[in-house]
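These notes are about the structure you will find just below.
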Amino acid sequence: MTERGGVITTEGERLPPHPHELRFLAVDPPEIGAAQLITEGVQWLRIPLPMELNHINVWLLEDGDGWMLVDTGMAEDVCREAWLALEERVLGGRRLSRVFVTHDHPDHMGLSPWLVERHGAAVWMSEYAHRSASEFLRADPEAIAGRVRAFLHSHGVDAQPGTLPGRGNHRKWFGGMPPLAASPVDGDVIEAGGGRWTVVETSGHCRGHLCLHDAARGLLISGDQVLPSISPNVSVLSSAPEANPLHDFLASLQRLGECDAETLVLPSHGRPFRGLHRRLADLSAHHQQQLAELREFCVEPRTALDVLPTMFRRVPRGFHRLLAIGEAVAHLNYLCSRGEMEWRRDGAGIVRFLTV
C-alpha cells in the first residue's frame with residue numbers, strides 16, 4: 001500500500017469543465033525515441049508509462065556542451081528502452097549534464113538514478129521533494145499500510161488488512177534515490193535551452209512542486225500543476241490528515257495567472273497549449289463548484305466516503321477510490337479551515353463533516 005499519488009484519469013473521472021479556448025501546438029506528439037522541436041534550444045520528448053496514464057512529456061534543453069532534462073519517466077523497462085532510443089537518435093553523443101525534477105512522483109523522477117549512472121548528471125529538485133521521496137523509500141511498507149488503513153477507516157472506508165487495492169510496487173517505480181546536487185527554490189533563475197527560466201514553486205498537487213517559467217519567450221514548463229484536459233490530484237495524505245492542500249493549490253493557480261496570457265504551456269501530460277488563463281479559470285471554477293456542492297450536501301453529517309458521488313460523475317474504484325478519498329478530504333478540510341464546515345469524530349473513530 002502506498003500514498004504516492006498522481007492524476008486521476010478516466011477510471012476516476014471527475015467533473016472538470018471541458019477545456020475551451022485552448023489552442024494546442026500544431027504539431028504531432030513525438031514518437032517514442034524521437035524529439036519535437038518547441039523552440040530553439042528546447043525539445044519535446046515523450047516517454048511511455050505502463051499505467052492508465054500512458055505517457056509523460058519530458059523536456060530536453062541545451063545546456064552548454066550537454067543537455068538539461070526536465071523529468072525522466074519511471075524505473076520500468078519500457079521507459080529505459082525509450083531512453084536508449086533517445087540516446088542513439090536525439091542526444092547526438094552529448095551527455096545529460098543536469099536532470100531537473102519538477103516533483104517527487106515516480107513518473108517524474110523514477111529513472112533519475114539510472115540516468116545519473118549513465119551520464120553523470122547532476123540532479124536538481126526541491127530539498128523538500130528529495131527528502132520526502134527518501135523518507136518514503138526508507139519507511140516500512142507495513143507501517144505505511146497501517147497508517148493508511150487508519151486514515152481510510154476514519155473517513156468511512158472498510159480498511160481491514162488485505163482489503164485495500166494497490167497499483168503496483170511504487171518503490172520499484174522509483175529505482176532508488178539519486179544524490180541531490182542542487183535544491184532550487186522559488187525565484188531562482190536557471191540558464192538553459194537558450195533562455196532564462198525562473199523557478200516557480202507551486203503546491204497543492206505536491207509539496208515542493210517546481211515549475212519553470214521563461215517570461216521572455218513566453219514558455220512555462222508546468223509539471224503536473226496545469227494540464228490541458230485532466231485535473232491534478234489534490235489530496236490529503238495519511239501522513240498529514242489535517243493538511244489543507246486545496247488552499248495551496250488555488251493560491252498557486254493565482255500565482256501562475258501572473259504569466260502572460262499567450263504563454264505556451266509545456267505540461268507533463270497531454271499536448272502543449274496556449275490559453276493558460278482560461279485553463280486556470282476552469283480549474284479554479286471546477287474546485288469552487290465542488291466546494292459549493294459539498295456545502296449543500298453536508299447539511300447532515302457526512303463522511304468523506306459519503307461525498308464521493310457528489311464529487312465524481314462515476315465513483316472511482318480500486319486504487320482510484322483511495323485517491324478520491326484523499327481529494328474529498330482536501331475539499332472538506334478547506335471548508336473547515338474557512339469556518340464553513342466542522343468535523344466530529346464518533347466513538348468508533350469515524351469523522352463526519354457538517355456545514356455550519
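Please treat every number below as a calculation from the coordinates, not as lab data. Small disclaimer: the values here were computed from a predicted structure and weren't measured. Cβ placement follows ideal geometry from the backbone for every residue including glycine, while neighbour counts extend to all protein chains displayed.
Here region 10-295 is treated with +1 on each Lys and Arg Cβ and -1 on each Asp and Glu Cβ, and its dipole about the Cα centre works out to around 200 debye.
Placing a label point 7 Å from the Cα of Ala85 along the Cα-to-Cβ line, the residues of region 247-274 whose backbone N sits under 19 Å from it are 269-271. Quick one, which of [x] 16.7; [y] 24.0; [z] 19.8 is the actual mean projected area of the Cα convex hull in nm² calculated for this model? Derived directly from the coordinates: [x].
Classify region 109-223 as rounded, prolate or oblate, taking a ≥ b ≥ c as the square roots of the eigenvalues of its Cα gyration tensor: rounded when a/c is under 1.5, otherwise prolate if a/b is larger than b/c and oblate if not. Here region 109-223 falls in the prolate category.
Extending 7 Å from the Cα toward the beta-carbon at both Asn54 and Asp346 defines two label points whose distance is 4.4 nm. Ellipticity at 222 nm from helices only: DSSP H runs of n ≥ 4 in the chain, each -39500 (n - 2.57), divided by the residue count, give -10000 deg cm²/dmol.
Protection proxy ranking for 53-63, 84-94, using the average of other Cβ atoms within 10 Å per residue and placing the highest first: 53-63, 84-94. At full extension, Arg95 and Glu40 could sit 17.9 nm farther apart than now, given 0.36 nm per residue minus the alpha carbon distance. Working from label points 7 Å from Cα in the Cα-to-Cβ sense, the Arg118 to Glu262 distance is 3.8 nm.
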